[in-house]
Every structure is written in structure tokens, then in C-alpha cells.
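FYI, it's all coordinate maths here, none of it is from the lab. Please read all numbers here as calculations on a predicted model, not as lab measurements. Glycine also receives a Cβ, built like all others from the backbone with ideal geometry; neighbour counts cover every protein chain displayed.
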Amino acid sequence: MAEKACTIWFTGLSGSGKTTIAHVVEDALRKAGKKVEVLDGDVVRTNLSKGLGFSKEDRDTNIRRIGFVAQLLTRNGVFCICAAISPYREVRDENRKRIGNFIEVYTRCPIPVLKDRDPKGLYEKALKGEIKGFTGVDDPYEEPLHAEVICDTDKESLEQSVAKVLGTLKSKGYL
């Protein structure tokens with residue numbers, strides 16, 4: 001019988017800390033003897049979703065693919081950490097229903113802070129209209145309504161955010 005695992009779904013705008021927090025949580029789970037896989041949005045786009053663009057339909061397809069893989073891993077006792085912007089609430093909620101053991105982590109951060117953090121200057125270009133379809137600027141990002149964890153990454157340390165996620169995993173019986 002497979003060990004009880006879950007999908008930990010990190011959602012938030014580009015640069016909000018999803019991947020950074022996800023990898024520290026991954027390390028903590030591995031140290032606790034858990035089987036863990038990370039599905040990072042950028043890596044998945046390169047390998048599993050190559051050829052998809054950034055239309056709403058393509059973004060939804062990408063997130064559904066990530067959710068499908070997460071479901072397979074989770075039902076086989078692997079903690080699956082997904083770190084993807086996943087801008088649309090409906091598809092995140094579809095994945096929640098499909099997977100079942102699902103913890104949503106919203107990495108919340110205001111755009112002015114994200115703009116200051118952004119080494120490539122993408123937010124600045126998007127705000128000037130030089131980049132079109134940028135999530136959170138001229139393309140929608142639908143905040144989660146019922147995230148199990150909210151990490152305000154402009155106000156709390158990495159350690160505080162990780163502690164919130166691990167605390168929730170403990171309180172839900174996964175650790």
C-alpha cells in the first residue's frame with residue numbers, strides 16, 4: 001500500500017517565490033524520508049508542454065497536464081510539488097478535485113515588489129506595454145479563494161513561508 005502523500009500546488013505571479021519555497025519544502029520532505037518530485041512550470045513547458053503558447057486554452061492545457069502527472073505521482077505515494085503560475089482558478093480547482101490530496105499554496109506578492117525583484121525587467125516591459133499577455137499585468141491572474149496556505153513573500157522570510165507549508169502538511173496528517 002502506498003504511503004499517504006499529497007500534491008502541494010504553488011500558485012502565484014512570476015517572481016513571487018513559488019520555486020524557491022518549493023525547493024526548500026522538497027528538501028525538508030526528503031530529509032523526512034518522503035518520496036518527492038517537483039514539477040516546475042518552466043521545466044514542464046520545455047519538456048511536457050513544448051509547443052504550447054500562452055493563450056488561455058494553452059495555459060489551461062499546460063496546467064491540466066501538470067495536474068495529470070501530479071495525480072499519478074500522488075496516488076502512488078509520492079509528494080508532488082507543483083510550482084506554476086497557473087493563473088486560472090477553474091483549472092486549479094479541477095486539479096484539486098482530480099487529485100484529492102491537494103494543498104494549495106498561494107505565494108502572494110504585490111506587483112511593485114515583483115518589479116523590483118525582476119532581474120530580466122519583464123514587469124517593467126509589460127507595464128510599458130512592450131510585452132503583451134503578461135500574467136498579472138495585462139493578462140488575468142485569479143487569486144485562490146480557499147488556499148490552505150498563503151505566503152506573503154514581501155512580508156515574511158523564506159523560513160517563515162516554508163514553516164507555514166510544513167505546518168499545514170503536519171496539521172493535515174501528511175507529516
- Before anything else, pin down the relative contact order of region 59-144: Cα pairs under 8 Å, at least 6 apart, normalised by residue count, whole percent. 28 percent
- Query: When the Karplus curve 6.51 cos²θ - 1.76 cosθ + 1.60 is applied with θ = phi - 60°, which whole-Hz ³J(HN,Hα) does each residue of region 126-136 get, with x for Gly and Pro?
  - Reply: 5, 5, 7, x, 7, 10, 9, x, 8, 4, x
- Message: Sort Glu159, Glu37 by Cβ crowding within 10 Å, fewest neighbours at the top.
- Response: Glu159, Glu37
- Message: Normalised by the empirical 2.2 N^0.38 Å for globular proteins, what value does the Cα Rg of the chain take?
- Response: 1.00
- Message: Which order do the peptides 46-59, 127-140 come out in when sorted by mean C-beta neighbours inside 10 angstrom, highest first?
- Response: 127-140, 46-59
- Rounded to the nearest 500 deg cm²/dmol, what is the calculated helix-only ellipticity per residue at 222 nm for the chain, with -39500 (n - 2.57) per DSSP H run of length n ≥ 4? -14000 deg cm²/dmol
- Using only alpha carbon pairs under 8 Å that are at least six residues apart, calculate the relative contact order of region 120-175 and give it in whole percent. 19 percent
